[in-house]
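Coordinate-derived values only; no laboratory data. Every value quoted in this text rests on a predicted model; they were computed, and no experiment measured them. Note that we place each Cβ from the backbone using ideal geometry, even for glycine, and neighbour counts take in every protein chain shown.
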Amino acid sequence: MKVLLFSDVQRKGGAGIAAHRLARALIAQGHDVLWATPHPDPASDIPTANCRDLPAAGRAARKVSLVLQPGQKQHIEARAIKRGLQQIIRRFRPDVINIHNLHGAQLPATLPAELSRS
């Protein structure tokens, strides 16, 4: 089974620690696991995809967001993370998506429903 895990950070806080334990247990059982996060831990022992890496247009939008009000900047960052997740889902084609801590990445509670349509 292919499992995609998402959390705003790796191995920090309750959600990151729980996701890490789950990922290790799934890998030990022979499942193909990929962890998507906008803040990857370079020392992670879990295969990781940075869902914040964006094409040039996304990087340009992020630079523009620096002059915006904080709420607008967070909205642009959240949209960029969501687009990155959608790209990872299309490439990895997971059977299961396990999401931890949406609010830490300023993502909407509607994200699971949106991703299920990806």
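Distances between placed amide hydrogens fall under 5 Å for Leu5 paired with Leu34, Trp35, Ala36, Asn98, all partners being 5 or more residues away or on another chain. Computed over neighbours whose Cβ is under 14 Å from that of Lys12, the net charge equals 0, Lys and Arg +1, Asp and Glu -1.
Within the shell defined by Cβ-Cβ distances under 13 Å, the residues around Pro94 carry a net charge of +2, with Lys and Arg each +1 and Asp and Glu each -1. Compared with the direct C-alpha span, the chain from Lys2 to Ser116 gains 39.6 nm at full extension, assuming 0.36 nm per residue.
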